Amino acid sequence: MTQRSSKIGTSILGASAFVLAALTIIQAGKPPAFAETANSGGFGYSVATIRSGQGPNERPYELVYVVDSRGETLFIYYIENSTGQRMQLRQALSLPALFRQARGG
């Protein structure tokens, strides 16, 4: 990997972190939501939830996206019942590989 491509990758990751932080600020001004919230937590982790479009309206199934900044990994969890206590890991993706693929490389 060249120094130039490393700087580009770092810039893309930095821009992604900025977008996640902006989403967190926007969400902070809204009342608490059942789903579709984001949090840029400490220790290098960011979390966002979204409804999957499945399940009953009063208890929709949800997806939880966790970004591990230190490990540069995106984890996607599935929650079948939002009041349940069980999450299933659906996918773990390398962020550098994901950005490389998005750039067509």
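The values are calculated or read from the model by the stated rules, or taken from the named source; none is laboratory data. It should be emphasised that the depicted structure is a prediction, and the values quoted were computed from it without experimental measurement. Neighbour counts run over all protein chains shown; Cβ positions are idealised from the backbone, glycine included.
Tabulated values for the structure
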item	result
Any hit, region 79-92, residues being touching a Lys or Arg at 6+ places or on another chain (Cβ under 8 Å), over 19 Å from PHE43 (Cα atoms), part of a strand (DSSP E or B) and free of Cβ contacts under 8 Å to residues at least 60 places away in the same chain	yes
Every pair of residues 6+ apart whose Cβ atoms lie under 7 Å, when the first sits in region 39-53 and is under 12 Å from ILE79 (Cα atoms) and in a strand (DSSP E or B) while the second is of a type outside the set (Lys, Arg) and at pLDDT below 80	THR49/ALA35; THR49/GLU36; THR49/THR37; ILE50/ALA35; ILE50/GLU36; ARG51/ALA35; ARG51/GLU36; ARG51/PRO60
Residue list for region 55-78, restricted to those being under 21 Å from PHE43 (Cα atoms), in a loop (DSSP other than H, G, I, E, B) and not hydroxyl-bearing (Ser, Thr, Tyr)	ARG70, GLY71, GLU72
